[in-house]
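Shown next, in structure tokens, is the structure this report addresses.
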Amino acid sequence: MAARDDYLIDGLLEMGYVTEEQLQPIRAEADSTGEGVVDTLVAQGVLSPAIVGQAKAAHFGAEFVDFDDVQLTDEVLALIPRHIAKRFNVVPVRQEDEAIVVAMADPSDLDTLDGLGAALNAQVTPAVATEEAIEAAIARCYGVKDDSVSKMIQDITEGEVDIGTIQALQTDDGSTVEADAPIIKLVNTMIVEAFKMRASDIHLEPLANAFRLRYRIDGVLHEVNSPPKRLQPSVISRLKIQSNMSIAERRIPQDGRIQSEVGGKTIDLRVSCLPTTHGESIVMRILDKEGLKLGLPELGFFTDDQQIFERLIGLPDGILLVTGPTGSGKTTTLYAVLNYINRPDRKIITVEDPVEYVMSGINQVHVSETVGLTFAAALRAMLRQAPNVIMLGEIRDLETATIAINASLTGHLVFSTLHTNDAPSAVTRLIDIGVKPFLVASASRALMAQRLVRKICKRCTAAYTPTDAEMKALRFDAAQLAEANFRKGRGCADCNKTGYRGRMGIFEIFVIDDDVRKLIYEKVTASVLRSRAREIGMRTLREDGARKALAGQTTPDEVIQATVMDEN
């Protein structure tokens with residue numbers, strides 16, 4: 001080991017990173033322990049791994065790669081499949097003519113170079129990076145951070161697990177069958193890793209020749225190393241058993257729940273199984289109860305909007321609607337509201353399909369169409385329970401809307417959601433499904449639209465100058481630009497090289513006043529209502545997003561993408 005260090009020691013001395021005086025005691029210690037001199041220098045903190053890598057690169061006339069400065073695109077990563085990158089501990093950097101430039105820890109390792117060239121059937125040009133940086137890049141760019149899922153998949157070989165038949169699986173839940181133990185571990189590892197990576201959903205999708213595994217993180221799907229196609233029946237059956245679905249039924253959709261302990265925390269997973277052309281697709285929504293503890297500032301409200309919203313949710317009666325497309329955070333907002341107003345002197349009842357989070361001190365009703373417990377039926381029954389506050393998961397039809405509005409007119413505070421693009425459109429939506437305009441006008445207190453945008457990673461945030469197109473789209477004025485603090489994430493291991501970590505809401509709050517009620521009664525269009533809302537001070541989604549971009553909380557690009565329908 002010491003002999004192999006000689007060329008590095010000479011290079012480090014020439015580059016001035018170490019002196020002979022420093023080397024004398026290190027050599028003595030290395031001889032006594034049997035460790036290399038350079039390894040001992042690194043272990044004692046005299047040298048960093050990056051400096052050693054630079055010395056190696058200089059000796060071999062190779063490039064030293066710092067992954068913080070290299071953009072590893074999907075095209076580059078496709079040059080080396082994940083299993084090969086992991087096997088040889090290398091990362092593709094770029095393609096030069098017929099050769100692939102790869103970052104490796106030891107460019108003198110001819111066995112690795114020859115084996116890699118044969119595996120890729122291509123010419124390989126070595127570059128140098130530290131071993132830690134290579135491992136982190138593989139985990140970040142190819143999938144799970146500590147590669148636990150990939151390791152589990154590698155461990156499951158044809159000889160270690162019998163895929164089994166449906167009949168065999170029906171007679172045992174798999175938890176005590178030794179042959180199925182690797183599948184159980186694989187499924188559990190998928191869930192744990194998704195939770196560690198802050199995923200909101202786990203997608204298992206059967207394709208023609210693959211069984212794809214993807215995690216949705218901060219609203220964006222990321223494909224990780226997928227299980228082999230041959231494991232598809234066992235993985236799906238295991239998940240169906242855990243979520244109390246029938247594994248004998250493959251023709252119709254099914255829903256279930258899984259409760260799991262991860263890192264001392266209890267998390268619930270809402271499981272949906274859907275038959276597709278190539279097998280059953282499973283999506284698991286991770287319901288982290290910590291999300292219930294969000295306060296209004298954590299949702300993304302600025303102080304002025306928060307004050308307006310706190311006043312609205314403190315009203316004794318009326319209806320407040322939160323609008324937006326699926327996945328825009330409406331349910332999270334309503335749960336945060338209930339958490340905020342939940343006091344012993346208030347009776348709160350919710351009707352949900354399904355109940356996503358169980359909240360203490362609140363009566364929650366789970367809709368069940370099969371036994372006739374619809375939204376409307378549950379709403380009628382709960383009015384006899386004398387609640388102060390009612391939360392409806394969603395207004396879907398005329399019957400539900402009418403009962404909810406009548407409840408708001410008889411002394412109840414009602415919260416619910418609607419699927420509309422902006423706040424004023426909620427009025428026309430209610431009228432379209434058949435609610436009388438005078439009822440909408442009398443009951444509505446406020447309408448709020450929202451979207452989710454990704455927050456800039458705090459660890460790698462840096463100053464940023466928006467492009468002309470971004471400036472034009474967000475319509476910044478001179479006064480705003482004078483105090484602007486535009487930021488953008490460079491990308492680091494903490495944010496999986498995306499530059500974003502976590503999400504926040506952007507909002508438009510349309511407070512209903514007497515003039516607006518008159519317009520609603522006259523059945524004016526959504527555009528007229530929107531104009532009036534702007535006159536009385538409503539900030540649009542794009543304007544609220546622009547404020548948060550100016551404050552350096554998100555990027556202009558995120559705001560533009562989230563508000564592509566908002567041109568006002």
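The values are calculated or read from the model by the stated rules, or taken from the named source; none is laboratory data. Here the structure is a predicted model, which means the values were calculated and not measured. Neighbour counts are summed over all protein chains in view; Cβ atoms, including those assigned to glycine, are modelled from backbone coordinates with ideal geometry. Please note that ligands, DNA and RNA were not included when accessible areas were found on the heavy atoms of the full protein model with its side chains. Shrake-Rupley method; radii C 1.70, N 1.55, O 1.52, S 1.80 Å.
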Quiz item: Considering every pair of different Cα atoms, what Kirkwood radius, in Å, is found for the stretch 93-145?
Solution: 11.7 Å
Quiz prompt | the stretch 186-255-the stretch 452-503 distance, computed between alpha-carbon centres (Å) | solution = 33 Å
Exercise. Quick one: net charge around Phe88, please, counting Lys, Arg +1 and Asp, Glu -1 for every other residue with C-beta under 13 Å from its C-beta.
Key: -3
Quiz item: Residue-wise, which Karplus ³J(HN,Hα) couplings in Hz belong to the stretch 420-433, taking 6.51 cos²θ - 1.76 cosθ + 1.60, θ = phi - 60°, and x for glycine or proline?
Solution: 9, 6, 9, 5, x, 5, 5, 5, 5, 5, 5, 5, 4, 7
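When only Cα pairs under 8 Å and 6 or more residues apart are kept, what is the percent relative contact order across the chain?
9 percent
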Quiz item: So for the pair Asp317, Ala119, with labels modelled 7 Å out along Cα→Cβ, what separation do we get in nm?
Solution: 7.2 nm
Practice problem: Let me have the relative contact order for the stretch 199-256, percent, based on Cα pairs under 8 Å that are six or more residues apart. | Solution: 22 percent
Quiz item: Here are some pairs, Lys86/Lys240; Lys330/Lys518; Lys458/Lys497; Lys455/Lys497; Lys185/Lys240; which of them have Cα atoms lying more than 22 Å apart in this structure?
Solution: Lys86/Lys240; Lys330/Lys518
Quiz item: Given the C-alpha centroids of the stretch 61-77 and the stretch 404-425, what is the distance between them in whole angstrom?
Solution: 53 Å
Quiz item: Accessible area, 1.4 Å probe, largest first: how do Leu296, Leu439 sort?
Solution: Leu439, Leu296
Quiz item: Relative to the longest principal axis of the chain, what angle (0 to 90°, nearest 10) does the C-alpha long axis of helix 49-60 take?
Solution: 50 degrees
Practice problem: Mind checking the full-extension length gain between Thr370 and Lys472? Use 0.36 nm per residue of separation minus the Cα-Cα distance, one decimal, nm. | Solution: 31.5 nm
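Over the stretch 240-360, calculate the relative contact order: mean separation of alpha carbon pairs under 8 Å at least 6 apart, over the residue count, as a percent.
16 percent
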Quiz item: Using θ = phi - 60° and the Karplus form 6.51 cos²θ - 1.76 cosθ + 1.60, what ³J(HN,Hα) does each residue of the stretch 118-130 get, whole Hz, x for Gly and Pro?
Solution: 5, 5, 8, 6, 8, 6, 10, 10, x, 10, 10, 8, 6
Self-check item: Computed [θ] at 222 nm, helices only, for the chain once each DSSP H run of length n ≥ 4 contributes -39500 (n - 2.57)
Solution: -11500 deg cm²/dmol
Quiz item: Given H placed 1.01 Å from N in the peptide plane, which residues other than close sequence neighbours of Gly499 have an amide H under 5 Å from its amide H?
Solution: Gly491, Cys492
Practice problem: Sort all Cα-Cα distances of the stretch 199-261 into consecutive 5 angstrom bins from zero, then give the percent of pairs in each bin up to the one containing the longest distance. | Solution: 4, 15, 22, 24, 24, 10, 1
Exercise. Take each of the peptides 186-199, 268-281, average the number of other beta-carbon atoms within 10 Å over its residues, and list them starting from the highest.
Key: 186-199, 268-281
Self-check item: From phi via Karplus (6.51, -1.76, 1.60), per-residue ³J(HN,Hα) for the stretch 84-101 in Hz, x at Gly/Pro
Solution: 6, 4, 5, 5, 9, 6, 9, 9, x, 9, 5, 10, 10, 6, 8, 9, 9, 7
Quiz item: If you average over every viewing direction, what projected area does the convex hull of the Cα atoms of the chain give, in nm²?
Solution: 33.9 nm²
